[in-house]
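Take a look at the structure set out below.
Computed from the coordinates by the stated procedures, all read-outs in this text should not be read as laboratory data. Note that this is a predicted model, so its numbers are computed, not measured. As a convention, Cβ positions derive from the backbone with ideal geometry for all residues, glycine included, and neighbour counts pool all protein chains shown.
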Amino acid sequence: MTLQIKNISKVYSNGVQALRDVTLSIPNGMYGLLGPNGAGKSTLMRTLATLQEPDSGSIFLDGIDVLKQKDEVRQTLGYLPQEFGLYPKAKAEDLLDYFAVLKGITNRASRKEVVEALLKQTNLWEKRRQKLGGFSGGMKQRFGVAVALLGNPKLMIVDEPTAGLDPAERVRFLNLLSEVGENSVVILSTHIVEDVSELCTRMAIINKGQILQEAEPLQAVAALKGKIWRRIIEKRMLPDFEREHKIISTKLLGGRTVIHIYSEADPGSGYEAVAPDLEDAYFTTMAGYHQNHQPQKEGEVQP
């Protein structure tokens, strides 16, 4: 199962170009779409979920034309949007059963079996008779995954799923997603670098509607070996260092400022080389210092 996205563009009526010639080849497994808020991630997710039309381009899920065969796509689609409504007075088991009917699982015995399996998979079986209004944020997200998994989707789209979750719920949720990714194309759209680092075998970095980099996370990090340097400075000195070096990130540490810079050569006294991580790869790419995305040629398929 492969999702082929080719030359997708979208301009909204207010003139904002949300997507600009986006081309990606997404294989089976967990795939991260990483970028800041407003980068175009949700627009692309909604387009893949058949909820809006692009201005140009094509999308194919194996042999299915996503833009023209919407009903066929929806039959094999699981979608967890960034924000979704639930009936607070409904019990988890009852509402999931209702969604299963809407998904076409009309046989009562089969539906009961599916609902039970999904509630257990999402670790909600013990809470099945609890009203959704009493669920925590993480429990609601896991219930959303249960709904999205109805019908064994081959394409799963998850938009900003861990925003607002506490650390324990985030770990539970990411473990659940990793299980789902064993049998489907799962696209994880997020601005949280750690989510991609921990889950995804491939990723793309998007900003202002454009794909800046497409790679395996480990390869993106390896490409920066020997090029990321660290120094602790006084905060008041930051403007001077910004003029002299390619600073990719700054952090506070005990009242002082830690800077990471991108440099292919030793920047000199006071700096120490550090082992890069995916956050360094992300910030370096966002700053425009290191990009390896190559647009596809006509007829070419990305590896």
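Under a model in which nothing but the beta-carbon of Lys, Arg (+1) and Asp, Glu (-1) is charged, the range 3-220 shows a dipole of about 680 debye around its Cα centre.
Between 113, 198, 216, the Gaussian network model of the chain with springs among Cα atoms under 10 angstrom shows the greatest mean-square fluctuation at 113. Label-to-label distance, residue 275 versus residue 235, with points set 7 angstrom from Cα along the beta-carbon direction: 3.1 nm. Report, ordered by chain and residue number, the lysines lying within cross-link reach of residue 112, taken as a straight Cα distance under 23 Å and ignoring same-chain residues fewer than 8 apart. Partners within reach: 89, 91, 103, 120, 127, 131, 140, 154. Ranked by how many other Cβ atoms sit within 10 Å of their own Cβ, fewest first, the residues 260, 191 fall in the order 191, 260. Ranked by the mean number of other Cβ atoms within 10 Å per residue, highest first, peptides 202-212, 162-172 order as 202-212, 162-172. Per-residue ellipticity at 222 nm from helix content only, as computed over the chain with -39500 (n - 2.57) for each DSSP H run of at least four residues, stands at -9000 deg cm²/dmol. Based on the reciprocal of the average 1/r between different C-alpha atoms, the Kirkwood radius for the chain equals 21.0 Å. Here's the list of lysines a cross-link from residue 246 could span, going by alpha-carbon distance under 24 Å and ignoring same-chain residues fewer than 8 apart: 208, 225, 227, 235.
Can you pull the Rg over Rh of the range 76-119, Cα-only, Kirkwood?
Values: Rg = 11.2 Å, Rh = 11.5 Å.
So for the range 76-119, dividing Rg by the Kirkwood Rh gives 0.98.
Just to be sure I follow: if Rg is taken over the C-alpha atoms of the range 226-274 and Rh is the Kirkwood radius over the same atoms, what is Rg/Rh? If you can, show how the numbers build up before the last one.
On the way: Rg = 10.0 Å, Rh = 10.8 Å.
Result for the range 226-274 is an Rg/Rh of 0.93.
Computed over the chain with a Gaussian network model linking Cα atoms closer than 10 Å, the most mobile of 92, 273, 215 is 273.
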